[in-house]
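The structure under discussion appears below in the form of structure tokens.
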Amino acid sequence: MDGVQKIAEFIAANPMAAVIAAGELGFWVCILAGLISRYVLRMRRTSTALLAATPLIDLMVLIATMVDLSHGAQASLVHGLAAVYLGFSVVFGPAMIRWADVRFAHRFAGGPAPRKPYSNRHERLRYEWREWGKCLLACGIAAAVMLVLIFAVGTPEQTRPLWADGGWLPKLGLVVVIWFAVGPLWASLSGRSAGEDAA
């Protein structure tokens with residue numbers, strides 16, 4: 001009971017966190033419902049509509065963030081999380097839908113089994129560079145949205161947690177560097193891995 005009360009208090013103090021959580025939940029509900037409609041219920045039009053609705057969820061989260069700041073709310077890291085959610089959802093969302101679609105098609109429609117993203121070192125390097133490029137794009141979108149929130153919706157002082165003192169803009173730069181280090185750089189330096197063919 002105490003846990004439920006703490007969650008309720010957190011949501012009351014951070015309504016944007018609830019909006020983002022609802023957006024993430026809605027994203028996966030739309031995907032799951034869309035794939036069930038397509039492969040289990042054979043309702044292709046309904047499936048297409050549900051899967052097409054996922055970008056609208058991102059837009060709703062962003063609008064809620066802009067409305068909150070425009071009404072004078074002091075920005076927090078949660079507001080920045082909305083921009084990060086949007087950037088990564090826009091860039092990685094289609095791949096997540098394809099990932100789930102392949103598995104549903106294999107399970108319910110006799111589709112081919114999911115294949116690994118790479119089978120040799122050359123493909124692995126190409127995959128890691130592509131994923132890092134997508135990370136760079138996602139962070140760029142998130143940063144652009146935050147700049148709009150900082151200068152067009154709010155004020156630099158009101159939105160200080162987004163850009164200063166370890167705010168989201170510096171964190172995005174750190175994400176790009178870490179992803180590069182553990183992704184393409186590591187793949188380039190690690191050489192031939194166990195089970196991989198020579199390039």
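Derivation of every value follows stated rules applied to the coordinates shown; laboratory data play no part. These numbers were taken from a predicted model, which means no experiment stands behind them. Please note: Cβ atoms are built from the backbone with ideal geometry, for glycine as well, and neighbour counts cover all protein chains shown.
At a Cα cut-off below 18 Å, give the lysines reachable from LYS171, other chains included and same-chain residues fewer than 8 away excluded.
By straight Cα distance, LYS171 reaches LYS134.
According to a simple spin-label model (label point 7 Å from Cα along Cα-to-Cβ), what is the distance in nm between SER190 and GLN158?
4.6
Report the full-extension gain for the segment VAL177 to SER70: residue separation times 0.36 nm, less the Cα-Cα distance, to one decimal in nm.
Using 0.36 nm per residue and subtracting the Cα-Cα distance, I get 35.3 nm.
What percent does the relative contact order of the chain come to when contacts are Cα pairs within less than 8 Å and at least six residues apart?
It comes to 22 percent, rounded to a whole number.
Stretch PHE92-ALA18 to full length: gain in nm at 0.36 nm per residue minus the Cα-Cα span?
The span from PHE92 to ALA18 would gain 24.5 nm if fully extended.
Just name one of ILE31, PHE151, ALA64: the one whose Cα is farthest towards the positive end of the charge dipole of the chain (beta-carbon charges, Lys/Arg +1, Asp/Glu -1).
Checking the options against the dipole of the chain, the answer is ILE31.
Which of the peptides 80-91, 42-53, 59-70 is most tightly packed, and how do the rest follow, judged by the mean count of other Cβ atoms within 10 Å per residue?
Highest to lowest by the protection proxy: 80-91, 59-70, 42-53.
What are the aspartates and glutamates whose alpha-carbon lies under 18 Å from the alpha-carbon of LYS116, with same-chain residues fewer than 8 places away excluded?
Reachable aspartates and glutamates: ASP101, GLU128, GLU131, GLU196, ASP197.
Within region 27-43, list the residues whose amide N lies under 14 Å from a label point set 7 Å along Cα→Cβ of PHE108.
The answer is 29-43.
When the dipole is taken about the Cα centre of the chain, and only Lys, Arg (+1) and Asp, Glu (-1) are charged at their Cβ, what size is it in debye, to the nearest 20?
Computed charge dipole of the chain: roughly 1020 debye.
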